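Undergrad: Have a look at this one.
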Amino acid sequence: MAAGCLGLVLNGPAALAQVSVVPTAKPDIPSAAPAAPAAEDPLGPLIGGEGAATDLLADQPAEPALDPLLEGLAPDGGVAAVPYAPSSLPETGMPGPQQNLPVYLVARLSDGGPALTDGVAWRVYSDRPGDKGKLELVATAKGGDADFRLAPGNYLVHTGYGFAGRTTRITVGGQPTSQTVLLNAGGMKLDAEFAGHQPIKTGKVVFDIYEREFDSRGERRIVARNIAPGAIVRLNADTYHVVSRYGSVNATVRADIHVEPGKLTEATVYHNAARVTLKLVNQPGGEAIANTAWSILTPGGDVVAEGNGAFPSFVLANGEYQVFARNNAAIYSREFNVVTGRHGEVEVIAQEPLSN
C-alpha cells in the first residue's frame, strides 16, 4: 500500500533510534510506537565481543557487494592468511628477494567507536590486475582484527561487516604497518505490527532493503532480501528504502529509513491487513468442496490472487474484494471485506451459479 510516515530520534553515540511507520490508510492511528527501553549496550549486537547479542545474520547467504574493482573474484573463505610471496625460495631454502612484513588491521564502525571484535571479513588484493585481468587475492581473515604477513608493495583491502563494507588502499614497506579502517556503518533492526499496535501472530512478514536512489533504468538496487523481524542488519551509513511484505499478495508497507554510523536504528511498520481462508460450501457452515479454483478481484476488476483447493488462504490488505469459485464448470461468486487483524473464513455458497 502507500508508504507510511516516519519519526526518527537519535541521542548520543550509543543511542537507540525508534522509528514508526503508519500506513496513510489509517490516519487515526498514533504515528509513533512506544519507545523500546534502552539496553545497557545497544551496539553490542553490532560490534560483537563478550556480552554481545547473538548474531542474527549468521544464516544470511547474501554477502555485501565488493568494490566494483574487485567484483567477479572468488575469494577464499578460509580464516588463515595466505602469504603473498614466499619468504624463502622453495628449491634452495635461501631467503627470497623480499621479506614479508607484519600488517595489523583494525575495524571500527565510527570515529571514536570501539574496535570490532567479531564478524569482520578481511580480503587483501594486489593493486594491479594479473594475467587474467583480475586482481589477485593475496590474503583473507575473519573475526575481529587481522594480522597479515605481506611483501612490500601496494594493496587493496576490502573490509566487510554484514552488508556493510569498505575498500581501502595500504602500502607495505620498510617497517610493520598498522592501520584502522573506519567503516562508517551502523545497524537496522526491523519489526512489524498491525495498526493499533496489535502483534502479528498469523502469517509471515519479511523485509527487503533497497538503495534509496534509482539507477539509470529507474530501479533500486537490492541490498538485503527476506530479512526476518528482529534481525539486526549491518549497513553502511545511508538512507535506505525498506519494503515490508506481509504474505505474498498485496499487504505491503514502504518507508525510507536512515542509518547513522555507530548507531542501531529500530523501525516498526504497521500493516492494515488480515488473513482470509476461502471455502466453497453447499450451505453455511458446511464441508468445503474440493477441487475448486479461486480468483480474488478488486472492485475495479483487477486480479489480486488466484489459487486452488478446498481451503486456500491469503493475506490481503484492507479493502473490498470479490471472489470467484469455479467447480465442475460452474462459477459462484460473493463480495467480502478485509479489516485489520480480523482473520477468518469467507464462505461461498454453491447456489445459483453465474450464467457466464
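Undergrad: Just one of Gly143, Gly133, Gly160 is under 24 Å from Pro261 (Cβ atoms), small (Gly, Ala, Ser) and either surrounded by 21 or more Cβ atoms within 10 Å (Cβ to Cβ) or free of Cβ contacts under 8 Å to residues at least 40 places away in the same chain (or both); which is it?
TA: One residue alone meets the criteria, Gly160.
Undergrad: If you don't mind, another one. Would you say Arg128 is under 25 Å from Ile209 (Cβ atoms) and open to solvent by 70 Å² or more (accessible area, probe 1.4 Å)? Outline the logic, then answer.
TA: On the way: under 25 Å from Ile209 (Cβ atoms): no; open to solvent by 70 Å² or more (accessible area, probe 1.4 Å): yes.
Judged against the criteria, Arg128 is not a match.
Undergrad: Related question: Does Val138 meet the test of being in contact with a Phe, Trp or Tyr (Cβ under 6 Å, 6 or more places away or on another chain) and open to solvent by less than 80 Å² (accessible area, probe 1.4 Å)?
TA: yes
Undergrad: So, Gly196, is that one at pLDDT 95 or above, of a type in the set (Gly, Ala, Ser) and touching a strand residue (DSSP E or B) at 6+ places or on another chain (Cβ under 9 Å) or not?
TA: Details: at pLDDT 95 or above: no; of a type in the set (Gly, Ala, Ser): yes; touching a strand residue (DSSP E or B) at 6+ places or on another chain (Cβ under 9 Å): yes.
Answer is no for this residue.
Undergrad: Do the conditions hold for Pro353, that is, is it at pLDDT below 95 and either surrounded by 13 or more Cβ atoms within 10 Å (Cβ to Cβ) or not in a loop (DSSP other than H, G, I, E, B) (or both)?
TA: On the way: at pLDDT below 95: yes; either surrounded by 13 or more Cβ atoms within 10 Å (Cβ to Cβ) or not in a loop (DSSP other than H, G, I, E, B) (or both): yes.
Yes: the conditions hold for Pro353.
Undergrad: Could you look through the range 195-219, keep only residues that are open to solvent by less than 90 Å² (accessible area, probe 1.4 Å) and of a type in the set (Phe, Trp, Tyr), and pick out the one that is nearest to Ala164 (Cα to Cα)? Give the steps one after another, and end with the answer.
TA: Start the filter on the range 195-219 by keeping residues that are open to solvent by less than 90 Å² (accessible area, probe 1.4 Å), which leaves 195-200, 202-203, 205-211, 215, 218.
From what's left, of a type in the set (Phe, Trp, Tyr): 207, 210.
Numbers: Phe207: 17, Tyr210: 13 Å.
Only one residue fits best here, namely Tyr210.
Undergrad: Take the residues in the range 146-155 that are touching an Asp or Glu at 6+ places or on another chain (Cβ under 9 Å) and open to solvent by 10 Å² or more (accessible area, probe 1.4 Å); name whichever of them is nearest to Leu183 (Cα to Cα). Write out each step before concluding.
TA: So the first thing to find is which residues in the range 146-155 are touching an Asp or Glu at 6+ places or on another chain (Cβ under 9 Å), and the list is 153-155.
Those left that are additionally open to solvent by 10 Å² or more (accessible area, probe 1.4 Å): 153-154.
Working: Gly153: 23, Asn154: 20 Å.
Checking each candidate, the answer is Asn154.
The values are calculated or read from the model by the stated rules, or taken from the named source; none is laboratory data. Please read all numbers here as calculations on a predicted model, not as lab measurements. Heads up, the Cβs are rebuilt from the backbone with ideal geometry, glycines too, and the neighbour counts pull from every protein chain shown. Heavy atoms of the whole protein, side chains included, go into the accessibility calculation; ligands, DNA and RNA do not. Shrake-Rupley method; radii C 1.70, N 1.55, O 1.52, S 1.80 Å.
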